[in-house]
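A short worksheet on the structure shown next.
Just so it is clear, none of the values below were taken in a lab; they were calculated from the coordinates. Please read these numbers as outputs of a predicted model, since none were measured by experiment. Heads up, the Cβs are rebuilt from the backbone with ideal geometry, glycines too, and the neighbour counts pull from every protein chain shown.
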Amino acid sequence: MNNEHYLIHKEDYIKHINDKVFLYSMVKQLTHMVSKLAPNRGNKALSEMAECYNGLVERNFRTWGIPTAYLAFDNEALLSELIENELIAPEEAGYYPCDGECCCDDCECCCSDAYEDEPADEDTTEAMATLTSMLHGIFGDNVSVHIVVD
């Protein structure tokens, strides 16, 4: 993905983390329950599969960077280091709040000041209008199109 930037709401990111924690907990509970079954030939394959899944989910959990304390306490403050390592603030990507006065049409959230001082030539303006029209055709009229060029 070549270090492309995307914006995500904090609530969506926290939900993503909580979904991972929930799935991790479910697999751990299931593998624990399977390990408590009386050993016999009928559940040998199930026990082996549970043991394999337990190892996989443990390895995955370690790569996610979610603190183990978050499993027990569900305290969002415990995720601060993870959030700092994985997410960047919109301002760090060149976005800032519009505060009601916006440089673009129909903007409701934020703008990029990356090329504010560069005058747009007529061909670029026409190409951008065509691209914006095409994107609105795909995504609908209730979206704002912001193009950031590095």
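Overview of values
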quantity	calculated
Ordering of 21-31, 82-92 by burial proxy (mean other Cβ atoms within 10 Å per residue, highest first)	21-31, 82-92
Karplus 3J(HN,Hα) series, Hz, for the stretch 11-20 with 6.51 cos²θ - 1.76 cosθ + 1.60 (x for Gly, Pro)	4, 5, 5, 4, 4, 4, 5, 5, 4, 4
Estimated inter-spin distance, Ser25 and Glu51, nm [label 7 Å along Cα→Cβ]	2.8
Förster radius 30 Å - calculated FRET efficiency between Asp74 and Ala129 (Cβ-Cβ, nearest 0.05)	0.05
Rg/Rh (Cα only; Kirkwood hydrodynamic radius) as it applies to the stretch 1-67	1.17
